[in-house]
Amino acid sequence: MKAICLRTRGGPEALAYEEVPQPCPGDSEVLVRVHAAGVIHTELSWVPTWTTRTGEPRPLPVIPGHEFSGEIAALGAGVRDVGVGDRVYGLNDWYRDGASAEYCVARVADVAHKPAGVDHVHAAAIPISALTAWQGLVERAGLAAGQRVLIHGAAGGVGIFAVQLARWRGARVAGTASAANLDFVRSLGADEVIDYQAERFEDIIRDVDVVFDTVGGETLERSWGVLKPGGKLVTVAATGERTTDERIRAAFFIVAPSRTQLAEIARLIDGGALRPIVGAVFPLVEARQAYQHKPIRGKVVLRVVDGGGAT
Ligand SMILES: NC(=O)c1ccc[n+]([C@@H]2O[C@H](COP(=O)([O-])OP(=O)(O)OC[C@H]3O[C@@H](n4cnc5c(N)ncnc54)[C@H](OP(=O)(O)O)[C@@H]3O)[C@@H](O)[C@H]2O)c1
């Protein structure tokens, strides 16, 4: 099969389009014919991209891209609740080969039926960002109707879903973004938008129930002060495992795969409460360009099957 391969550490220039053996699904796994895969720009330098769970170097080449939409092509032993031909979206194990390829393997527990109302390209833009937003706002912060939430990076991959999910929960939503994205963030359902380059959010907003931070650094530090007593802060952008700050360690989390949540997110997409935003689409062979490209908003997606835009 054709795949995007990494053999040496580096940036997008290290990505090569190669012929490699097709993977085989193991117990409780499925083989997916990938139609489209999401691009995570930072992934090339992640620890799991280069090491196994036990810290040894991963065998080369490594195939990046850990979210996808496609069709089940084969079932591993013990898989009964999905069938060949089912259209699914989901995540690959961070420590194993990913979805920038014609085929990938995923645990059946990490995939769900894709939303029927969007094509594979749009479905591939959903799993990591939407699950991150769900786990931050719903699972960790328990965001409830009537509460006030401040979302940092509201026009980013995660922020786009966070704004929409917060709105769906019935919260009052404020979001920070750059000037070019303020109208866009309003169009997602934010009641209030703050241009982080022109204003200090803490001069404008206070007494919020929840801060959802996707920016980290100084933005995160300054956010504690806008929480009301008992308010909750969650962050996905801190160096959570490395910091010695106990508050940040408690606020940080890493997204986990969840079939149940992916299924719920698919229902919300099909019901119109959530919409994925795709900023740019590249064919698989142009993965280097895709990893170099930063759209003003929305996700970069690799189209693997010609016509991956069709449902
Ligand atoms: N822990 C986890 O499990 C997890 C999961 C997913 C993502 N992440 C991390 O979360 C972060 C965001 O991911 P993403 O996919 O949403 O990234 P992204 O699509 O690149 O979006 C980042 C957004 O942040 C905005 N931004 C930059 N500086 C800002 C500031 N000072 N205040 C407010 N907004 C600011 C940018 O807006 P402009 O472009 O308009 O400046 C951009 O829209 C990344 O660090 C990513 O690695 C972590």
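No lab work stands behind these numbers, since they all come straight from the coordinates. As the structure is a computational prediction, the values presented were derived from the model and not from experiment. Cβ atoms come from the backbone with ideal geometry, glycine included; neighbour counts cover every protein chain shown.
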antiparallel share of DSSP beta bridges within the chain, to nearest 5, in %, is 55 percent
To the nearest 10 degrees, the tilt of helix 259-271 (Cα long axis) against the first principal axis of the alpha carbons of the chain is 70 degrees
For the chain, the longest principal axis of the Cα atoms and the Cα long axis of helix 157-168 enclose an angle in degrees, to the nearest 10, of 60 degrees
Trypsin sites (Lys or Arg not before Pro) in region 119-202 lying in a DSSP loop, each with at most 14 other Cβ atoms within 10 Å of its Cβ, come to R200
Reduced to Cα centres, the span from region 198-229 to region 246-261 in Å works out to 19 Å
For region 153-295, one quarter of the surface area of the C-alpha convex hull, expressed in nm², comes to 10.4 nm²
Pseudo-spin-label distance T8 to S178, built 7 Å along Cα→Cβ, given in nm, is 3.1 nm
Quick calc, the chain, dipole around Cα centre from Cβ unit charges on Lys, Arg (+) and Asp, Glu (-), nearest 20 debye, gives 280 debye
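Just the Kirkwood number for the chain, please: inverse of mean 1/r across all distinct Cα pairs, in Å, one decimal. If you can, show how the numbers build up before the last one.
Details: mean 1/r = 0.0505 Å⁻¹.
Computed over the chain, the radius equals 19.8 Å.
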Low-density loop trypsin sites (Lys or Arg not before Pro), region 74-104, at most 15 other Cβ within 10 Å, DSSP non-H/G/I/E/B, are R80
Dividing the helical contributions, -39500 (n - 2.57) per DSSP H run of n ≥ 4, by the residues of the chain yields a 222 nm value, nearest 500 deg cm²/dmol, of -6000 deg cm²/dmol
Note: D93 to A250 extended length (0.36 nm per residue) minus current alpha-carbon separation gives 54.1 nm
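Could you work out how much longer the chain between T260 and Q197 gets when fully extended? Use 0.36 nm per residue separation minus the Cα distance between them, nm to one decimal.
Contour length minus Cα-Cα distance gives 18.9 nm.
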The answer for the longest stretch of the chain without any exposed GluC sites (Glu not before Pro) (DSSP loop, at most 15 further Cβ atoms within 10 Å) is 1-198
